[in-house]
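The values are calculated or read from the model by the stated rules, or taken from the named source; none is laboratory data. Being a predicted model, the structure only gives us computed values, none of them experimental. Cβ placement follows ideal geometry from the backbone for every residue including glycine, while neighbour counts extend to all protein chains displayed.
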Amino acid sequence: MRKLFYLTALLGCIALFAACEKDDKESSVPKTLDGTQWVTVKSEGEKQTLLKLEFFGGGIAQYTMRVRATSGSLTPRSEIASGDNVVYNYKYSYSQPNVNLYPVSQDAPALTGKVLGGRGSVYQYITLYTADGAEFFSAFQDDGNYIWQ
């Protein structure tokens, strides 16, 4: 009877460790950036800034910065200068976890950075730096639940 108890306990431990190992494999950086979107929102005074980076197939990426007045502002959203909105187009290369963005837009900075793993796509994080080492963009991967209204 004791042998059966020990055998059952051993099999239970093996099953527990196997399940834990599976969870660890799910917490990794993506194999490809194609089709991913990374979003963050920064608030400063009466303005909110949406920063978004999208990766498309064929090594193409697009950085978008949109500015708007916050809901408590006396300035209508339409009065924010369109010059505050920026779109940069890039070609990119990705070798887990390193990513390099090469500007297609003339005024866009070259960027380099890393994608950090998390549990599932929700907690994956990207940080990009300019050539002088200044942080340019950092955000979590968008899980499709964020809506800019």
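Scanning segment 27-44 for residues that are surrounded by fewer than 12 Cβ atoms within 10 Å (Cβ to Cβ) and either touching a Phe, Trp or Tyr at 6+ places or on another chain (Cβ under 8 Å) or not basic (Lys, Arg) (or both), we see that the one that is nearest to residue 90 (Cα to Cα) is 35.
Among the conditions (1) at pLDDT 95 or above; (2) more than 19 Å from residue 51 (Cβ to Cβ), the only one that residue 78 does not satisfy is (1). In the condition set (1) modelled with pLDDT of 90 or more; (2) over 17 Å from the mean Cα position of the chain (by Cα); (3) over 25 Å from residue 131 (Cα atoms), residue 109 is compliant with all but (3).
Among residues belonging to segment 112-149 that are surrounded by 13 or more Cβ atoms within 10 Å (Cβ to Cβ), of a type outside the set (Asp, Glu) and modelled with pLDDT under 70, point out the one that is nearest to residue 60 (Cα to Cα). Checked segment 112-149; the qualifying residue nearest to residue 60 (Cα to Cα) is 121.
Residues that are surrounded by 15 or more Cβ atoms within 10 Å (Cβ to Cβ) and at pLDDT below 90 within segment 65-75 comprise 66, 67, 68, 69, 73, listed in sequence order.
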